[in-house]
1. What are the residues in the range 156-178 that are among the polar types (S, T, N, Q) and within 25 Å of residue 195 (Cβ to Cβ), if any?
2. Which residue pairs have Cβ atoms under 7 Å apart, sit 6 or more places apart or on different chains, and have a first residue in the range 113-141 that is without any contact (Cβ under 8 Å) to a residue 40 or more places away in the chain and a second that is of a type in the set (Ser, Thr, Tyr)?
3. Inside the range 123-151, can you point out the residues that are farther than 17 Å from residue 231 by Cβ, more than 12 Å from the chain's Cα centre (by Cα) and not aromatic (Phe, Trp, Tyr)?
4. Residue pairs, Cβ under 9 Å, 6 or more apart or interchain, first in the range 189-212 and at positive phi, second open to solvent by 20 Å² or more (accessible area, probe 1.4 Å) and not in a helix (DSSP H, G or I). List them.
5. Looking at residue 242, is it of a type outside the set (Ser, Thr, Tyr), assigned to a helix (DSSP H, G or I), surrounded by fewer than 22 Cβ atoms within 10 Å (Cβ to Cβ) and more than 19 Å from the chain's Cα centre (by Cα)?
6. Out of (1) crowded, with 20+ Cβ neighbours inside 10 Å; (2) at pLDDT 95 or above; (3) farther than 22 Å from residue 106 by Cα, the odd one out for residue 176 is which?
7. I'd like to verify a number: residues in the range 182-200 that are of a type in the set (A, V, I, L, M, F, W, C), surrounded by 11 or more Cβ atoms within 10 Å (Cβ to Cβ) and either touching a Pro at 6+ places or on another chain (Cβ under 6 Å) or not in a loop (DSSP other than H, G, I, E, B) (or both), how many?
Amino acid sequence: MAGNGKTVVRTLEDLTLDSGYGGAADSVRSSSVSLCCSDTHQSIVHGGNGWHLTESMHSRQNSLETVNTVLAEDTDILECSGQCAKLPELEDVPWSLGEVEGALRKDEELMVGDPPPEVLARLSALISSALVRVAREAQRLSLRYAKCTKHEIQSAIKVVLSWTISVNCITAALSALSLYNMSTGDKFSRGKSARCGMVFSVGKFFRWMVDSRVALRIHEHAAIYLTACMESLFREVFSRVLRSALVERDNGVPKFTLESLEQAINNDSEIWGLLQPYQHLICGKNSSGKLRANQGLFV
């Protein structure tokens, strides 16, 4: 009995005193960044809070792991017939264009050229779709214990992103978390982003996860993982665009245009479906419906 009592006390400590947890229970503001795509989704109440669960949580068949990828030429047909559901559009993203430019300039190889603001804005809009995909999958994985930790974010990254990109993003997340854990001596003199060595704000991502109701409780390590993942994804996509033969160059300096950005993304099967606003599209095919060489669908 004594052992059981200690276990109960320890469990209560984990539930109430674990630092870094917050969530929808702590937020009194209505969320303007719902991860639901329509008002027809079922709403389940946890602890008196209206936590709206997306359709992917009610059915395993609707998970990103099992969703089917259709060809690009079928997209228009599905959209016209009302069968092609879109991802929710984000009104606010947890980063600014200045932070995007700063994150890209962290990599010396990406400092060639100066992308115009409209290119950065379009890149930001595209990657916001990837943010929604990762957040929705993390929301589904967090449902069982009503909390989101780094493990749920890491699993969501593996499910949503292709193998190559997910490895790079998880590596960046592990590096950021390691720097954060090693900087305990100056935790009062520097912010979380500086301690993690990142440009994107961990606080903005944490607040976005709370307002989006990813889980009832969100650990700070989950916010660090998601921040590092998105920052790494920006550099990954931009580096692929930079290496694309479709980008014109003047004396070795690339000329970035919206057309060259779109064409480079359309020809990359690992990122095209990921950045599209349709739920049924993931990685594995480019905009022409062609499979990646020597690789099947990542589903």
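1. Initial filter on the range 156-178 (among the polar types (S, T, N, Q)): 162, 164, 166, 168, 171, 175, 178.
Hits for the range 156-178 are 166, 168, 171, 175, 178.
2. 141/155
3. Within the range 123-151, 140, 141, 142, 143, 144, 146, 147, 148, 149, 151 qualify.
4. The qualifying pairs are 197/106.
5. Numbers: of a type outside the set (Ser, Thr, Tyr): yes; assigned to a helix (DSSP H, G or I): yes; surrounded by fewer than 22 Cβ atoms within 10 Å (Cβ to Cβ): yes; more than 19 Å from the chain's Cα centre (by Cα): yes.
So residue 242 fits the description; yes.
6. The single condition residue 176 does not satisfy is (3).
7. If we filter the range 182-200 for residues that are of a type in the set (A, V, I, L, M, F, W, C), which is where we start, we get 182, 188, 194, 196, 198-200.
Then drop every residue that is not surrounded by 11 or more Cβ atoms within 10 Å (Cβ to Cβ), which leaves 194, 196, 198-200.
Filter once more, keeping what is either touching a Pro at 6+ places or on another chain (Cβ under 6 Å) or not in a loop (DSSP other than H, G, I, E, B) (or both): 194, 196.
Qualifying residue count for the region: 2.
The rows are residues; the columns are (1) modelled with pLDDT under 95; (2) β-branched (Val, Ile, Thr).
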{"residue": "163", "(1), (2)": "yes, no"}
{"residue": "184", "(1), (2)": "yes, yes"}
{"residue": "189", "(1), (2)": "yes, no"}
{"residue": "208", "(1), (2)": "no, no"}
{"residue": "213", "(1), (2)": "yes, no"}
{"residue": "240", "(1), (2)": "yes, no"}
{"residue": "243", "(1), (2)": "yes, no"}
{"residue": "256", "(1), (2)": "yes, no"}
{"residue": "260", "(1), (2)": "yes, no"}
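The values are calculated or read from the model by the stated rules, or taken from the named source; none is laboratory data. As the structure is a computational prediction, the values presented were derived from the model and not from experiment. Heads up, the Cβs are rebuilt from the backbone with ideal geometry, glycines too, and the neighbour counts pull from every protein chain shown. Note: accessible area is taken over every heavy atom of the protein model, side chains too, but ligands, DNA and RNA are not part of it. Shrake-Rupley method; radii C 1.70, N 1.55, O 1.52, S 1.80 Å.
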